[in-house]
Amino acid sequence: MALATLTREAVASHNAPDDLWCIIDHKVYDLSDFTDAHPGGSVVLEQVAGTDATAAFYNLHRHEVLSRYGDLCLGTLEGETPEVVDPQPGDLSPVPYAEPLWLRPQFKSPYFSDSHRALRRKVRAFVDEHVTPEAQEKEKDGSYISQALIDRMAANDILAMRLGPGPHLRGKHLLGVVRGEEFDYLHDLVQVQEFVRSNARGFQDGNMAGMMISLTAVLQWMPETPFKQQVVQAVLAGKKKMCLAITEAFAGSDVAGLRTTATKSQDGKSYLVRGTKKWITNGMWCDYFVVGCKTEKGFSVLLIERSDAVETKLIKTSYSTAAGTAFVEFNDAVVPAENLLGQEDKGFAVIMSNFNHERFMMACAVIRQCRSVVEECLKWCNQRIVFGKKLIEQPAIRQKLAKMISHVESNQAWLESIAYQMSHMSYEEQSKHLGGPIGLLKSHATRSAHEIADEAVNIFGGRGLTQSGMGRVVEMFHRTYKFDAILGGAEEILADLGVRQAMKGFPKAML
Ligand code: HEM
């Protein structure tokens, strides 16, 4: 319907409960049939009938509410222009500190090229259009990612891209802007940070996180066989799902304490796997499990296909069941010996090889999520009026914001520097020199998340504890930031790793 041009006088005459218009940001809304459906009730709407309710509206709602209810809009006011701009898919946020420095027009970066910028635009548009709507829905109802979204990501080579740089990207033209051979860890940082903007922590892991940390091990460590090719192709095409199954009720970060056993058959052709795994992300729907097992003289990693001998049960955690977190039982699963990754009893190397990239991705993600929380706080402080003035006018609030911004900016700068180092090191050099720094960064980033979540809830008050409405992102972050502090290695373990690795390079002589 074409929008009308109206006058303030005309609006003023629609001031009754059953004939209720109001003005928000120079636009006229007919709320006559909306009063009963309004989550804030009809009384408040009757109080503003026929008036300009812009200030009252922005004190309680985000602009996105208006986009959702656009059909209530009758038209604009004669000679007036709306001030608030509707963000389009792929747009950068105009809020200060809502984007990392390299994306803000005033700043330069030694790290990012046009290729990173082009990828950023494409991934953001994809996430805004195709991922965020589903992420929000699934986060709420706890159901799993749709095959349609998986297929769309596969068709655009996004599943392959999400594994990080490597030979699996050869010959691909990612989202039509980056050749697979060019894709480096800065591109990787970009794509991880863009996906996080969906603000749905459970779904974020539900969106193939299991594949991202397990298929890499298959690619790197499984001997080249037709079976491997078949598995890899099916997973990258989104037809089959894979996850990593290491942690157990008996052992979390302590891989040496695992109790799942893999016993080799007399003829050496298969293993019999028996044991349980806990907190297995995506385990509920996976066809393949990359499993850490005790073998005769050590620890080995096997690719195990789902069968009647594999049972998965849903674990409810503090984030959405959209992540498909499972308790897995292997009850005498028979696994062909060719499914061994790396060498028997040398599985520690297989698991360790995955960790750096997994922790790097987690650092990228939690640092970006912290930034989204800062953005939410800045927007809220700028629009919320208490004790007769905006929250941002309170010095105590500005102190909190300064602390939050400083955490985010310093972590992002450290992260970019590490991504640059990764892009200029061989795999062996990365393992030698970057395991410690990546561990320290992830550990520090989640300590920052702790501070930021705490301050953000204090700023948002009750809304920071409410799953719908303006504090939704803050509530979700406060409830879920601990996933980043625990998954992929707990804070203390990673901090310790950082110092121990540094000491390996300490000169022998006393200094
Ligand atoms: C086009 C007009 C409006 C629409 C579409 C609308 C929609 C909504 C929605 C979707 C919510 C749920 C919370 C959220 O998602 O943010 C809400 C809450 C609320 N709205 Fe509105 N609203 C409108 C106008 C107004 C106006 C003009 C007022 C006040 C004068 C108002 C007062 C409230 C209150 C008090 C709440 C509860 C807020 C809370 O619990 O924090 N609304 N509204």
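The values are calculated or read from the model by the stated rules, or taken from the named source; none is laboratory data. The model shown is predicted, which means the values in this text are computed figures rather than measured ones. FYI the Cβ positions are ideal-geometry reconstructions off the backbone, even for glycines, and counts take in every protein chain you see.
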- Message: Being modelled with pLDDT under 95, more than 10 Å from the ligand (Cβ to nearest atom) and in a loop (DSSP other than H, G, I, E, B): is that true of residue 39 here?
- Response: no
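Okay, residues lined up against (1) at pLDDT 95 or above; (2) over 30 Å from residue 300 (Cα atoms); (3) of a type in the set (Asp, Glu); (4) surrounded by 20 or more Cβ atoms within 10 Å (Cβ to Cβ):
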residue	(1), (2), (3), (4)
125	yes, yes, no, no
159	yes, no, no, yes
176	yes, yes, no, no
200	yes, yes, no, yes
208	yes, no, no, yes
- Given the conditions (1) part of a loop (DSSP other than H, G, I, E, B); (2) out of contact with any strand residue (DSSP E or B) (no Cβ under 7 Å at 6 or more places or on another chain), which single one is not true for residue 49? (2)
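Criterion first (outside the structural domain of residue 27 (by TED's automatic domain parsing) and part of a loop (DSSP other than H, G, I, E, B)) does residue 60 satisfy it?
Numbers: outside the structural domain of residue 27 (by TED's automatic domain parsing): no; part of a loop (DSSP other than H, G, I, E, B): yes.
Here the answer is no, as residue 60 does not meet what is asked.
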- Task: Test each condition in (1) more than 11 Å from residue 198 (Cα to Cα); (2) touching a residue at least 40 places away in the same chain (Cβ under 8 Å); (3) out of contact with any Ser or Thr (no Cβ under 8 Å at 6 or more places or on another chain) for residue 152 and report the one that comes out false.
- Result: (2)
- Residue check, residue 100 under 30 Å from residue 21 (Cα atoms) and surrounded by 14 or more Cβ atoms within 10 Å (Cβ to Cβ): no
- Residue pairs qualifying under the 9 Å Cβ cut-off, at least six apart or on distinct chains, with the first in the stretch 30-43 being at positive phi and the second being more than 9 Å from the ligand (Cβ to nearest atom), are 41/35
- Out of (1) buried (at least 24 other Cβ atoms within 10 Å of the Cβ); (2) farther than 22 Å from residue 493 by Cα, what's the single condition that is false for residue 367? (2)
- How many residues does the stretch 11-36 contain that are surrounded by fewer than 16 Cβ atoms within 10 Å (Cβ to Cβ) and either assigned to a strand (DSSP E or B) or among the aliphatic types (A, V, I, L, M) (or both)? 4
- Item | Odd one out for residue 457 among (1) touching a His at 6+ places or on another chain (Cβ under 9 Å); (2) in contact (Cβ under 8 Å) with a residue 24 or more places away in the chain; (3) among the β-branched types (Val, Ile, Thr) | (2)
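Table: residues versus (1) touching an Asp or Glu at 6+ places or on another chain (Cβ under 8 Å); (2) part of a helix (DSSP H, G or I).
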| position | (1), (2) |
| --- | --- |
| 434 | no, yes |
| 464 | yes, yes |
| 488 | yes, no |
| 503 | no, yes |
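State whether one or more residues within the stretch 249-263 are within 20 Å of residue 166 (Cβ to Cβ), surrounded by fewer than 19 Cβ atoms within 10 Å (Cβ to Cβ), at pLDDT 95 or above and not charged (D, E, K, R).
To start, the set of residues in the stretch 249-263 that are within 20 Å of residue 166 (Cβ to Cβ) comprises none.
No, the stretch 249-263 has no match at all.
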- Every pair of residues 6+ apart whose Cβ atoms lie under 6 Å, when the first sits in the stretch 236-261 and is on the phi > 0 side of the Ramachandran plot while the second is among the small types (Gly, Ala, Ser): 238/154
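Would you mind listing the helices (runs of 4 or more DSSP H) fully within the stretch 172-253 where at least 2 residues are within 17 Å of the chain's Cα centre (by Cα)? Let's see the steps before the verdict.
On the way: elements: 185-196, 201-206, 209-221, 226-236.
In the stretch 172-253, 185-196, 201-206, 209-221 are the helices (runs of 4 or more DSSP H) which contain 2 or more residues that are within 17 Å of the chain's Cα centre (by Cα).
For the stretch 1-36, name all the residues that are hydrophobic (A, V, I, L, M, F, W, C) and near the ligand (Cβ under 9 Å from one of its atoms). Can you show your working first?
We begin by selecting, within the stretch 1-36, every residue hydrophobic (A, V, I, L, M, F, W, C); these are 1-4, 6, 10-12, 16, 20-24, 28, 31, 34.
Across the stretch 1-36, the qualifying residues are 22, 24, 31, 34.
Can you work out which of the residues in the stretch 46-57 that are within 37 Å of the chain's Cα centre (by Cα) and more than 6 Å from the ligand (Cβ to nearest atom) is surrounded by the most Cβ atoms within 10 Å (Cβ to Cβ)?
From the stretch 46-57, those within 37 Å of the chain's Cα centre (by Cα) are 53-57; that's our starting set.
From what is left, the residues that are more than 6 Å from the ligand (Cβ to nearest atom) are 54-55.
Working: 54: 17, 55: 11.
The selected residue is 54.
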- Query: Exactly one of (1) assigned to a helix (DSSP H, G or I); (2) within 16 Å of the ligand (Cβ to nearest atom) is unmet by residue 483. Its number?
  - Reply: (2)
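Out of the stretch 70-87, which residues are free of Cβ contacts under 8 Å to residues at least 40 places away in the same chain and either away from the ligand (no atom under 13 Å from the Cβ) or in a loop (DSSP other than H, G, I, E, B) (or both)? Break it down stepwise before answering.
Quick first cut of the stretch 70-87, residues free of Cβ contacts under 8 Å to residues at least 40 places away in the same chain only: 70-71, 79, 85-87.
Residues satisfying the conditions are 79, 85, 86, 87.
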- Query: Any residue in the stretch 430-447 that is free of Cβ contacts under 8 Å to residues at least 12 places away in the same chain, within 24 Å of residue 184 (Cα to Cα) and of a type outside the set (Asp, Glu)?
  - Reply: yes
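Quick check, is residue 66 outside the structural domain of residue 391 (by TED's automatic domain parsing) and either near the ligand (Cβ under 10 Å from one of its atoms) or outside any loop (DSSP other than H, G, I, E, B) (or both)? Before you say what the answer is, go through the steps one by one.
Details: outside the structural domain of residue 391 (by TED's automatic domain parsing): yes; either near the ligand (Cβ under 10 Å from one of its atoms) or outside any loop (DSSP other than H, G, I, E, B) (or both): yes.
Here the answer is yes, as residue 66 does meet what is asked.
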- Query: What single numbered condition from (1) under 19 Å from the mean Cα position of the chain (by Cα); (2) under 18 Å from residue 367 (Cα atoms) fails to hold for residue 495?
  - Reply: (1)
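Would the stretch 107-121 turn up any residue that is in contact with a Gly (Cβ under 7 Å, 6 or more places away or on another chain) and within 20 Å of residue 365 (Cα to Cα)? Talk me through it step by step, then tell me what you get.
To start, the set of residues in the stretch 107-121 that are in contact with a Gly (Cβ under 7 Å, 6 or more places away or on another chain) comprises 121.
Add one more test, that the residue is within 20 Å of residue 365 (Cα to Cα), and what stays is 121.
Within the stretch 107-121 (the criterion being in contact with a Gly (Cβ under 7 Å, 6 or more places away or on another chain) and within 20 Å of residue 365 (Cα to Cα)), the answer is yes, since at least one residue qualifies.
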